[in-house]
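**Q** Handing you this structure, nothing more for now.
The values are calculated or read from the model by the stated rules, or taken from the named source; none is laboratory data. Only a predicted model underlies this, so the values are computations on that prediction, with no experimental measurement involved. Neighbour counts are summed over all protein chains in view; Cβ atoms, including those assigned to glycine, are modelled from backbone coordinates with ideal geometry. For accessibility, only protein heavy atoms count, side chains too; no ligands or nucleic acids. Shrake-Rupley method; radii C 1.70, N 1.55, O 1.52, S 1.80 Å.
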Amino acid sequence: MTSVRSALVASGKTYRTEGISQRVRQINISAIKEMPLIANRVGGCVSLGQGIPSFPTPPHIVDAVCRVLKEEPLSGKYTLGPGLPALREAVARHLEEQNGIAADPDREICITVGAMEALSAAMLTVVERGDEVILPSPNYASHIEQVLLAEGVPVFVPLHTADWGLDVEGIRRAVTPRTKAIVLCNPHNPTGANFAREDLRQIAQLAVEHDFFVISDETYDFLVYDGQSHFSLASLPELRDRIIATFSFSKKYAMTGWRVGYVYCSEGLLDQIMKIHDAVAICAPALSQYAALAALEGPQDCVAQIRTVLQSRRDLACDRLDDLSEFFDYVRPQGAYYLMMGTKAPGVDSMTYALRLLHEARVITIPGAAFGPTGEHHLRISFGGTEAEIEEAFHRMKQWLEGQPFGG
Ligand SMILES: Cc1ncc(COP(=O)(O)O)c(C=O)c1O
């Protein structure tokens, strides 16, 4: 595959390697972040790339932060390492209401710099050099880099391509004495799957039987469509001491830039995770924590509105894809705001396809290979952008594809 790295090198960007640790040399900036950088150099592109919802942060959150900034002298200072006590209490109430999880706000919750910090800290806490970490694949690209950064070995287990469901038997076969953890992201980025409860329960059972950790990335917990519900692995009592669940304010409250999320796990695990949190962040940004508090304590109809709008954007993207069935196939997403388009261009790898789309049609997509081997021959698109952006992107793709870019 043409890698993002080689595409960047070709475009004049070079990387220093001498003196750089092997731990860092072996990881990459994910293609999700690199494609917009390339697009920035190309100019005039419309994005179906990075998952940034088009919505502004709701005004009641912004107003609350402005008030705090003016009236609360502590708002510009470090908070306690695990976060503002009032926010941790609000998170605990939220976990109880949404998922039936009884979390101790003082011992089992830490507010983090987005779910991303929580995930990295979780991985560094439990994974040692050579430990295997199972990733149902395709998978969120950064999970791979987080495993590698902890010097673990990603073990990819393909999802069922017919519906992007979990292959429980495949996961069972992948378990070895070196298996340290599995990362489950549900609802799923990049496929939009909302995994079956029964499959999740069976994997929880496997974790108990074979004594490994479950890292549950629940960034999109609020975002399931067609009246379905989200099932949190963190609600299973049998996983009590082996689950590390991460959550985010980024998408739920349109707060991607505030960089705030949280981790929930048992006290014993959190004590260890806190060491990493202290070493890399000290605390999540204080103002963002006040924003998160306002988000949880304020009206929740903004969350339902985001879900409703994204469901109609999902429908729009699927309609447009149905028009392009000669070129792509796909599975209708049930959650999150992504889908994987299977490319019907034999012999053309996903990086080549995505770079040509970017340069020639001026549409940003993410090459599927960035999401692990099962992602090859797919492009991930996000329908988090506006209807106008989605329409324009599909219009450009249609015109480009009708020009038979890969030969007639
Ligand atoms: C699956 C998944 N996990 C984690 C993150 C990072 O979330 P945050 O913005 O809270 O760091 C993202 C962001 O797109 C994501 O898609």
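**Q** For the pair D271/Q305, report the inter-label distance in nm, with labels modelled 7 Å from Cα in the Cβ direction.
**A** Each label point lies 7 Å from its Cα, and together they span 4.5 nm.
**Q** Search the structure for amide H atoms under 5 Å from the amide H of F213, placed 1.01 Å from N in the peptide plane, and list their residues when 5 or more places away or on another chain.
**A** A181, I182
**Q** Need the C-alpha centroid separation for segment 226-263 versus segment 333-408, integer Å.
**A** 28
**Q** A further question on this structure: Report the convex hull volume per residue for segment 74-297, counting only C-alpha atoms, in Å³.
**A** Cα convex hull per residue, to the nearest whole number: 111 Å³.
**Q** Show me the GluC sites (Glu not before Pro) within segment 258-331 that DSSP assigns to loop and that have at most 14 other Cβ atoms within 10 Å of their Cβ.
**A** When the GluC sites (Glu not before Pro) of segment 258-331 are filtered for loop state and at most 14 Cβ neighbours within 10 Å, E326 remain.
**Q** Let me make sure I get this right: for segment 100-204, a, b and c are the square roots of the gyration tensor eigenvalues over alpha carbons, sorted descending. Under 1.5 in a/c it's rounded, otherwise prolate if a/b > b/c, else oblate. Which is it?
**A** oblate
**Q** Further question: Can you give the net charge of the other residues whose Cβ lies under 13 Å from the Cβ of L296, counting K and R as +1 and D and E as -1?
**A** -1
**Q** Where in segment 37-141 are there GluC sites (Glu not before Pro) that are in a DSSP coil and have at most 14 other Cβ atoms within 10 angstrom of their Cβ?
**A** Values: sites: E71, E89, E96, E97, E108, E117, E128, E132; in loops: E108, E128.
Those satisfying the criteria are E128.
**Q** Which value, in debye to the nearest 20, describes the size of the charge dipole of segment 74-297 about its Cα centre when Lys and Arg Cβ atoms bear +1, Asp and Glu Cβ atoms bear -1, and nothing else is charged?
**A** It works out to roughly 400 debye.
**Q** Right, another one. Multiply the residue gap between D329 and K33 by 0.36 nm, knock off their C-alpha separation, and tell me the result in nm, one decimal place.
**A** Extending this stretch completely gives an extra 104.1 nm.
**Q** For the pairs K33/K77; K344/K398; K33/K252; K180/K275; K70/K252, flag any whose C-alpha to C-alpha distance is greater than 23 Å. Don't skip to the answer; put the middle values down first.
**A** Numbers: K33/K77 30 Å; K344/K398 14 Å; K33/K252 21 Å; K180/K275 20 Å; K70/K252 26 Å.
The answer is K33/K77; K70/K252.
**Q** Expressed as a whole percentage, what fraction of the accessible surface of the chain belongs to carbon and sulfur atoms when a 1.4 Å probe is rolled over the protein heavy atoms?
**A** Numbers: 8580 of 16720 Å².
Carbon plus sulfur share of accessible area: 51 percent.
**Q** Further question on the same structure: What do you get for the angle between helix 85-99 and the principal long axis of the chain? Use alpha-carbon atoms, 0 to 90 degrees, nearest ten.
**A** For 85-99 against the chain, the angle is about 60 degrees.
**Q** List the longest stretch of the chain that has no exposed loop site; here a site is one of the chymotrypsin sites (Phe, Trp or Tyr not before Pro) assigned by DSSP to anything other than H, G, I, E or B, with at most 13 other Cβ within 10 Å.
**A** 79-408
**Q** With contacts defined as alpha carbon pairs under 8 Å and 6 or more residues apart, what's the relative contact order of segment 204-270 in percent?
**A** Once normalised by length, the contact order is 31 percent.
**Q** Which of the listed residues, S232, H378, G43, is farthest toward the dipole's positive end in the chain, when Lys, Arg count +1 and Asp, Glu count -1 at the beta-carbon?
**A** Of the options given, the answer is G43.
**Q** Moving on to the next point. Got a sec? Charge dipole of the chain, +1 on Cβ for Lys and Arg, -1 for Asp and Glu; which of A284, T112, F406 is way out at the positive end?
**A** Among A284, T112, F406, the one farthest towards the positive end of the dipole of the chain is F406.
**Q** Right, here's the next one. Sequence-distant or interchain residues sharing an amide H contact under 5 Å with A196, placed H: which?
**A** It is L166, by chain and number.
**Q** In segment 26-44, whose amide N lies under 17 Å from the spot 7 Å out along Cα-to-Cβ of A388? List them in ranges.
**A** Label zone hits: 44.
**Q** Just to confirm my numbers, what's the Cα centroid distance between segment 78-99 and segment 136-214 in Å?
**A** Comparing the Cα centres of segment 78-99 and segment 136-214, I get a distance of 28 Å.
**Q** Further, regarding this structure: Among DSSP beta bridges lying fully in the chain, give the percent that are antiparallel, nearest 5.
**A** On the way: 20 of 40 bridges.
Approximately 50 percent, going by the DSSP bridge assignments.
**Q** If R0 is 22 Å, what FRET efficiency do you get for R178 and E198 from their C-beta distance, rounded to 0.05? Show your work: numbers first, answer last.
**A** Details: r = 27 Å, r/R0 = 1.23.
Efficiency for this residue pair is about 0.20.
**Q** A follow-up question, please. Taking the Cα-to-Cβ direction at E360 and at E72 and moving 7 Å from each Cα, how far apart do the two end points lie in nm?
**A** It is 5.3 nm.
**Q** Is segment 141-186 rounded, prolate or oblate when judged by the Cα gyration tensor, a ≥ b ≥ c being the square roots of its eigenvalues, rounded requiring a/c under 1.5 and prolate requiring a/b larger than b/c?
**A** Details: a/c = 2.64, a/b = 1.38, b/c = 1.92.
In terms of gyration-tensor shape, oblate.
**Q** Averaged per residue, what accessible area in Å² does segment 74-297 show with a 1.4 Å probe, protein chains only?
**A** That works out to 36 Å² per residue.
**Q** Which trypsin sites (Lys or Arg not before Pro) in segment 40-112 sit in a loop by DSSP (not H, G, I, E or B) and have at most 12 other Cβ atoms within 10 Å of their own Cβ?
**A** K77
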